[in-house]
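To keep things clear, I will list the structure first and then write my remarks on it.
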Amino acid sequence: MTMLLAFAEIDATMIDQVGGKALNLGVMSSAGLPVPGGFCVTTDAYREAVGDRLDDLLDKLAAAQDPDSLGRLAAEARGRVLAAELPSELRAAVAEPYAALGEDEPVAVRSSATAEDLAYASFAGQQDTYLNVVGTDALLDAIQRCWASLWTDRAVSYRNATGIDHRGVALAVVVQRMVDAATAGVMFTANPVTGSRRETVIDASPGLGEAVVSGAVNPDHFVVDAATRTITARRLGDKRFMITSRPGGGTEQHELDDRSAKPCLDDQQILQLVDLGLRVQDHYQAPQDTEWALGKEGQFWLTQARPITTLYPVPHQNRPGTRVFMCLSLAQGLTRPMTPMGIAAVRLIGSSVATAVGRRPAQPLAGPEAMHAVGQRIYLDVTTALRNRIGRRIMIAAFGVMEARASKVLKTLGERPEFSLIEAPAHVVLRPVAGVLIRNAVPLRILAGLLSPRLAYRLIDRTERQVRSSLTMAANATAEQRLDFVQQRLGGGLFMLMPRTIAYAIAGLMSLVVARRLLRGIAEGQEIQPVLRGLPHNVTTEMDLKLWRLTQSIREDEASRAAFTTSTVDELARRYRNRALPPVAQRGLQAFLRRFGHRAVAEIDLGMPRWSDDPSHLLGVISNYLRLREDEIDPVTQFQHAEAQATTAIADLSRRASVRNPLRGRLVNLALRRAHALVGLRESPKFMLIVALGVMRDQLQQVGRELAASGRIEQGDDVFFLDLRDARRGLAGEDLRSIVKARREAYEMELRRRHIPRLLLSDGIEAEALAAAADRPDGALAGSPASAGTVTAPARVVLDPVGAHLEPGEILVAPSTDPGWTPLFLTAGGLVMEMGGSNSHGAVVAREYGIPAVVGVPDATQKISTGQLITVDGAAGLVSLAH
């Protein structure tokens, strides 16, 4: 057992012994970076002192749901730690290296948890730090209080939120020579708000850095283009608050006059600090979040470094210039990462599309050149389309309908010189697309839909039957044959189902456009909207109504109702698999799954379980439906009412058009009826694609079972953490278990990511942040951008976190926040602070939780009222108030 280690003895393998903070200080010290001298009290010392005192509390802490019970349990844990008798050998071990630093040398005593400064969670401010500690007795007391801070309410809540097991954490303590700082602060070697890897962001204030880190002061804020060594942004804070060392030990706070007229760092010092940050980044080969201090003797010191946990990965691509990437996963409503096999499927489908337009990839399994997996999500390089006149119009128009925010960002990007238009003849752009449309008879299908919606319905049904029949395979097929089947179907003509089936919905949308033109000057857009209510032949609506009807049949059957109202979801799922549900429920669920069992949450990822694999989600929905009173909701009646509204709207609009001209009235009537009859078919293409993915999943599961039986993977579903090439290597005899383990860990890490950029530039900049900076509405309160994203919700002004309650989704408005506030972040939809910089711990935690945040907003708690609807734009640093 090693109770103490000098910084020079610490290496990168010792996270379990010394925790994240000490590990980084030891690594930087060995690398020759300017780190104040010191040593680490290891986790062995913590475990020796605390022993098994907390064992009976750990499960209770992990299960605590409400703040009161969590707070009570955490307080008991802290009390037990503080009551522990320090081993005599620890007292002796600490006294010797402390004396070597100098007689009664002032030191900083910092907590260093094993779950801290991780790649996916910074734990900013979650454990305690004690500054300017003087004397051995005071040092030992500070060490014990650091141990206890592992069990503060905020630290326990943070671990619960990030899925970290309390049994696996321990605390080391850093003891480090105290820097008598003239100025201190934080520095990010990449811009944490925009994602730019070129920019270094510095917050600085006089005195000790705790004032900046805690968000208690409005610091000076500098943004530097590190490549050109140019200070691109300079915002001076008032710096009205300063923390300094107190003679004899401890710290004291000073209120200052407004110091916004003078920066606390000159330009030379700023660039010197940037150079130091680049040295740290180069050593770790990744952007770093650092804390620094400028001693009164003029030397910069590093007191902490950790990864910037919120940066989105940079796309790997070899094409010159800045590129624009659009997240296709997010466009499908999928925020979670995709499994490796799910990504492999999308790559193959992408290759089939590229082949259809005459650009077959050299390696179809790798996907087209424009397709990239970034952060385990699918992004598409749309630069070429954005720089083409026709492509830009189509993209902006399409996203104007589907995703207004993305459309707005694309417009802003189009104004930047690096994305200026490159002229190309129209036929060069349109010919490949036209070829696909003609080969798949899309114009004829549009015409068929316009002539007869009933014909369109029959053709859609026939296509679905053909799809299902084409996806069958012999039961005795080999695993290699199953992989061939999956690769051929996904990489072949499967995706051509999309233009063939979407053609009928396009006919409906064209009819709607015609109707809008005919109704100009007669009706406004919102008056036409009811025509699109209660759309027939929408397969998703059909699914929802069938599920409701199934619920009603269960409600009306006594045995089925009793089963659902007295059993857990897990019990219901087990009984369904054993065919032991009451007959009405068993047969009804089987019939529903025969039609819709291929669907799932995040269904475009074929690695995700289908409802037919695990019906728990459906069983939970049915159970919730059964808790509703029959008169509370009736989707069938609601749908019929919506249909009636559409019929009334069509009649009214046709009549109004007839007043102008009888022929116009008849044309409006025809166009609106066609739109109502056909637009609902827009769900059919995706439905059929998901049918196919469900079949591909079944085939891959059988491959997985064979790989598991031969010991190449642990369990059958591990196959979805491989791609097709991996699976073939496994069938050839390669052990794939270590690959699966690493990919599962990476997947679990990405699941924790809260914020996914819709549009990402090749240098890592989130395009929405650029667009937000260009759009500043009148009347908005301005502050510092702290966490990108936009949210509109009621505000909750909180002046003291003790006893404060925040409804889920409310925007927290506070004068400042320290670590004691962070449990409120778990339910907050956004954050506004009067004080603090973009690198204060409140801003760091907001970015990790994925909530938009603006800090440094003067008088926010006075100008905003609880319950007032506000919009927080974390990228632009603006708060807009509803009046």
* Applying the selection to region 650-699, what residues are within 16 Å of V514 (Cβ to Cβ), hydrophobic (A, V, I, L, M, F, W, C) and crowded, with 19+ Cβ neighbours inside 10 Å? -> I650, L653, A657, V668, A671, L672, A675, A677, L678, V679
* Asked: For region 195-246, how many residues meet the condition of being of a type in the set (V, I, T), within 23 Å of V134 (Cα to Cα) and either part of a helix (DSSP H, G or I) or modelled with pLDDT of 90 or more (or both)?
  -> 1
* Would you please list the contacts, defined by Cβ atoms under 6 Å and residues six or more apart or on different chains, that run from a residue in region 294-310 that is more than 12 Å from Q269 (Cβ to Cβ) to a residue that is open to solvent by 40 Å² or more (accessible area, probe 1.4 Å) and assigned to a loop (DSSP other than H, G, I, E, B)? => K296/D180; P307/A119; T309/Y120
* Structure fact -> Pairs returned, first residue in region 81-96 that is more than 19 Å from S149 (Cβ to Cβ), second residue that is charged (D, E, K, R) and in a helix (DSSP H, G or I), beta-carbon separation under 8 angstrom, 6 or more apart or interchain, are P87/E48
* For region 296-311, indicate whether the set of residues that are touching a Leu at 6+ places or on another chain (Cβ under 6 Å), of a type in the set (S, T, Y) and outside any helix (DSSP H, G or I) is non-empty. => no
* **Among the candidates H617, H641, H598, residue that is modelled with pLDDT under 90, under 24 Å from G716 (Cβ atoms) and either open to solvent by 20 Å² or more (accessible area, probe 1.4 Å) or not in a helix (DSSP H, G or I) (or both)** => H617
* Structure fact -> Only unsatisfied item for D717, checking (1) open to solvent by 60 Å² or more (accessible area, probe 1.4 Å); (2) not in a helix (DSSP H, G or I); (3) not aromatic (F, W, Y), is (2)
* Would you pick out the residues in region 857-883 that are under 20 Å from S260 (Cβ atoms) and open to solvent by less than 20 Å² (accessible area, probe 1.4 Å)? -> V857, A860, G877
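Is it the case that region 570-579 has a residue that's exposed (fewer than 12 other Cβ atoms within 10 Å of the Cβ), part of a loop (DSSP other than H, G, I, E, B) and not acidic (D, E)?
Pass one, region 570-579, residues exposed (fewer than 12 other Cβ atoms within 10 Å of the Cβ): 570, 577-579.
Those left that are additionally part of a loop (DSSP other than H, G, I, E, B): 578-579.
Next, from what is left, pick out any that are not acidic (D, E): 578-579.
There is at least one residue in region 570-579 that is exposed (fewer than 12 other Cβ atoms within 10 Å of the Cβ), part of a loop (DSSP other than H, G, I, E, B) and not acidic (D, E).
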* To do: Could you tell me whether region 41-55 includes any residue that is farther than 24 Å from D137 by Cα, touching a residue at least 40 places away in the same chain (Cβ under 8 Å) and either part of a loop (DSSP other than H, G, I, E, B) or not aromatic (F, W, Y) (or both)?
  => yes
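Tell me which residues, restricted to region 369-398, are polar (S, T, N, Q) and surrounded by 17 or more Cβ atoms within 10 Å (Cβ to Cβ).
Correct list: Q376, T383, N388.
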* Take the residues of region 32-71 that are surrounded by fewer than 16 Cβ atoms within 10 Å (Cβ to Cβ) and of a type in the set (D, E): which is nearest to the chain's Cα centre (by Cα)? -> D66
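For every residue, the table says whether it meets (1) modelled with pLDDT under 85; (2) among the charged types (D, E, K, R).
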site	(1), (2)
M1	yes, no
A12	no, no
A31	no, no
P36	no, no
C40	no, no
D44	no, yes
V50	no, no
L61	no, no
D66	yes, yes
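For every residue, the table says whether it meets (1) open to solvent by 10 Å² or more (accessible area, probe 1.4 Å); (2) touching a helix residue (DSSP H, G or I) at 6+ places or on another chain (Cβ under 6 Å); (3) of a type in the set (F, W, Y); (4) not in a loop (DSSP other than H, G, I, E, B).
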| position | (1), (2), (3), (4) |
| --- | --- |
| A261 | yes, no, no, no |
| L265 | no, no, no, no |
| I270 | no, no, no, yes |
| L273 | no, no, no, yes |
| L276 | yes, no, no, yes |
| H283 | yes, no, no, yes |
| H316 | yes, no, no, no |
| R319 | yes, no, no, no |
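Do you know which residues across region 193-241 are on the phi > 0 side of the Ramachandran plot and either open to solvent by 10 Å² or more (accessible area, probe 1.4 Å) or under 25 Å from the mean Cα position of the chain (by Cα) (or both)?
In the first step, residues of region 193-241 are kept if they are on the phi > 0 side of the Ramachandran plot; the result is 195, 207, 215, 229, 239.
Answer for region 193-241, where residues must be on the phi > 0 side of the Ramachandran plot and either open to solvent by 10 Å² or more (accessible area, probe 1.4 Å) or under 25 Å from the mean Cα position of the chain (by Cα) (or both): G195, G215, R229.
The values are calculated or read from the model by the stated rules, or taken from the named source; none is laboratory data. Source: prediction; values computed, not measured. With ideal geometry, Cβ positions are generated from the backbone for all residues, glycine too; neighbour counts draw on all protein chains shown. Quick note on the areas: whole protein, heavy atoms, side chains included, nothing else; ligands and nucleic acids left out. Shrake-Rupley method; radii C 1.70, N 1.55, O 1.52, S 1.80 Å.
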